[in-house]
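**Student:** Dumping the structure here so I can ask a few things about it.
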Amino acid sequence: MINKFRILVLTDHSGHSDQNSLYAIVRQMLVHPKCEYIDVASRGLSENEPFYDEMLAGSLYGSRATAEFKFSKNGHHHSAGLKKLNPLDYDIVFMRLPRPLSDAFLNWTEELFSQAILINEPHGIIATSNKKYLLNFPNFCPNVRLCISIEEIEEEVAKYPIVLKPLREYGGKGLLKITGQTLDDGTQKHDAKPYLEAMRDEISEGFLSMRYLKNVSQGDKRILVVGGEILAASVRLPAEGSWLCNVAQGGTSVAADVTSDEIEIINAINPKLAEHGILMYGADTLVDDDGKRVLSEINTLSIGGFPQAELQTGRPIIKTLIDKIFEYAHEKTN
């Protein structure tokens, strides 16, 4: 039985801001009685390019986290005291890596850290972080379809306005709204036909078509779930004149309650995600044309928003998250 866990965090500080959840999580995790130590290895360090880019196991470098671990523009806490790390030295690997992240790299990490508990499990991330995973839950989503041709997109547009989602983008990137012959990329409007023609090769790799909901101005709700428990929720409202709710695209976030419809959604998707080794995730909902909350996205890769949820609710969200991580690790090791 493991009394204390040795933890490795895989992240990329080059895209961080002072709003990133990682720093608050690591600081609180350090003082947990189940934590022995935490090392952090960032993709944003040149020393780690062979590890992250070429998948060379003997080229992993990181720093030991301390109580002072916090965001800085120069990434000081990721490079201070940098040392070579042995992948076999860890009991838990905490995946905090954003896209771009190849399936090959994820599969490789699962093999490399086979002795450790990975949160979330890479094979599960591959299966669930692709937007076409929503096709498994048609009863809880707006009308969705996987489109691999312009003709399929046009068939959907003939029925109703749609939003096209790239299968592996995040943070609201690459979303396209099409109404009739007009395509809106979030900043300006275009004639849909030539715009799509220019994307024909890209479209052949797959886009998720989702019916555009007229109540989008009521906000995109992010529900944070860990170990099957809803920890918090917040509504992200679009900026004035925009249909994009994502905070990264100019929206704002406020605390929110969870509806009975959303509880039903979480109860339905959670067992499926757990089968894939997904401990923590974010589920997004929108208000459909009948006023009911429906599932619009599932994020299982690098889930943020925990410090913000704690600030909004006044509840110990991060402590609960960490407790659940160690409970999960304890169960998996016994």
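**Student:** Of the residues Ala329, Ala309, Ala283, Ala268, only one is in contact (Cβ under 8 Å) with a residue 60 or more places away in the chain and either assigned by TED's automatic domain parsing to the domain that holds Leu167 or closer than 21 Å to Ile7 by Cβ (or both); which? Show your work before the answer.
**Tutor:** Numbers: Ala309 fails: either assigned by TED's automatic domain parsing to the domain that holds Leu167 or closer than 21 Å to Ile7 by Cβ (or both); Ala283 fails: either assigned by TED's automatic domain parsing to the domain that holds Leu167 or closer than 21 Å to Ile7 by Cβ (or both); Ala268 fails: either assigned by TED's automatic domain parsing to the domain that holds Leu167 or closer than 21 Å to Ile7 by Cβ (or both).
Criteria check complete, one pass: Ala329.
**Student:** In this structure, does Arg211 turn out to be among the basic types (Lys, Arg) and modelled with pLDDT of 95 or more?
**Tutor:** Numbers: among the basic types (Lys, Arg): yes; modelled with pLDDT of 95 or more: yes.
For Arg211, the condition - among the basic types (Lys, Arg) and modelled with pLDDT of 95 or more - is met.
A quick yes/no check of all residues on (1) at negative phi; (2) outside any strand (DSSP E or B):
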position: Ile263; (1), (2): yes, yes
position: Asn267; (1), (2): yes, yes
position: Pro271; (1), (2): yes, yes
position: Gly277; (1), (2): no, yes
position: Asp284; (1), (2): yes, no
position: Ser302; (1), (2): yes, yes
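**Student:** Out of (1) in contact (Cβ under 8 Å) with a residue 40 or more places away in the chain; (2) of a type in the set (Asp, Glu); (3) more than 24 Å from Lys34 (Cα to Cα), what's the single condition that is false for Asp89?
**Tutor:** Every listed condition holds for Asp89 apart from (3).
**Student:** If you don't mind, there's one more thing I want to ask. Would you check which residues across region 99-136 are within 23 Å of Gly58 (Cα to Cα) and assigned to a helix (DSSP H, G or I) and list them?
**Tutor:** Correct list: Asp103, Ala104, Phe105, Leu106, Asn107, Trp108, Thr109, Glu110, Glu111, Leu112, Pro122, His123.
**Student:** Check Leu279, Leu273, Leu231 and return the single one that is farther than 20 Å from Tyr133 by Cβ, modelled with pLDDT of 90 or more and hydrophobic (A, V, I, L, M, F, W, C). First the steps, then the outcome.
**Tutor:** Details: Leu279 fails: farther than 20 Å from Tyr133 by Cβ; Leu273 fails: farther than 20 Å from Tyr133 by Cβ.
Result of the check over Leu279, Leu273, Leu231: Leu231.
**Student:** While we're on this one: Pick out, from region 156-217, the strands (runs of 3 or more DSSP E) lying fully within it that include 1 or more residues that are surrounded by 18 or more Cβ atoms within 10 Å (Cβ to Cβ). Steps first, answer last, please.
**Tutor:** Numbers: elements: 162-166, 176-179, 182-184, 189-191, 207-211.
Once the strands (runs of 3 or more DSSP E) in region 156-217 are filtered for at least 1 residues that are surrounded by 18 or more Cβ atoms within 10 Å (Cβ to Cβ), what remains is 162-166, 176-179, 182-184, 207-211.
**Student:** Quick one: in region 52-85, which of the residues that are in a helix (DSSP H, G or I) and among the hydroxyl-bearing types (Ser, Thr, Tyr) is surrounded by the fewest Cβ atoms within 10 Å (Cβ to Cβ)? Give the derivation first.
**Tutor:** Step one: list which residues in region 52-85 are in a helix (DSSP H, G or I), which gives 52-54, 76-79.
Restricting the remaining residues to those that are among the hydroxyl-bearing types (Ser, Thr, Tyr) gives 52, 79.
Working: Tyr52: 22, Ser79: 17.
Per the criteria, the residue is Ser79.
Each row is one residue, and each column tells you yes or no for (1) among the hydrophobic types (A, V, I, L, M, F, W, C); (2) in the same structural domain as Asp289 (by TED's automatic domain parsing); (3) free of Cβ contacts under 8 Å to residues at least 12 places away in the same chain.
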| position | (1), (2), (3) |
| --- | --- |
| Leu176 | yes, no, no |
| Thr182 | no, no, yes |
| Gly186 | no, no, no |
| His190 | no, no, yes |
| Lys193 | no, no, no |
| Leu208 | yes, no, no |
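**Student:** Now a separate question. Residue by residue through region 36-50, note down the ones that are assigned to a strand (DSSP E or B) and not small (Gly, Ala, Ser).
**Tutor:** First, the residues of region 36-50 that are assigned to a strand (DSSP E or B): 36-42.
If the condition is that a residue be assigned to a strand (DSSP E or B) and not small (Gly, Ala, Ser), then Glu36, Tyr37, Ile38, Asp39, Val40 are the ones that fit.
**Student:** On the basis of being at pLDDT 90 or above and either assigned by TED's automatic domain parsing to the domain that holds Gly186 or within 18 Å of the chain's Cα centre (by Cα) (or both), does Asn246 make the cut?
**Tutor:** Values: at pLDDT 90 or above: no; either assigned by TED's automatic domain parsing to the domain that holds Gly186 or within 18 Å of the chain's Cα centre (by Cα) (or both): yes.
Here the answer is no, as Asn246 does not meet what is asked.
**Student:** From (1) assigned to a strand (DSSP E or B); (2) out of contact with any Phe, Trp or Tyr (no Cβ under 9 Å at 6 or more places or on another chain), pick out the condition that doesn't hold for Leu295.
**Tutor:** All conditions are met except number (2).
**Student:** Taking the stated definitions as given, is Leu22 in a helix (DSSP H, G or I) and either modelled with pLDDT under 95 or not basic (Lys, Arg) (or both)?
**Tutor:** Spelling it out, Leu22 is indeed in a helix (DSSP H, G or I) and either modelled with pLDDT under 95 or not basic (Lys, Arg) (or both).
**Student:** Among the residues of region 51-105, count how many are of a type in the set (Val, Ile, Thr) and either at pLDDT below 95 or within 28 Å of Gly282 (Cβ to Cβ) (or both). I'd like the intermediate steps shown before the answer.
**Tutor:** Just the residues of region 51-105 that are of a type in the set (Val, Ile, Thr), to begin with: 66, 92-93.
Checking the rest, the ones that are also either at pLDDT below 95 or within 28 Å of Gly282 (Cβ to Cβ) (or both) come to 92-93.
Qualifying residue count for the region: 2.
The values are calculated or read from the model by the stated rules, or taken from the named source; none is laboratory data. Keep in mind that this is a model prediction, so the values were computed, not measured. Here Cβ is always computed from backbone atoms with ideal geometry, including for glycine, and neighbour counts include all displayed protein chains.
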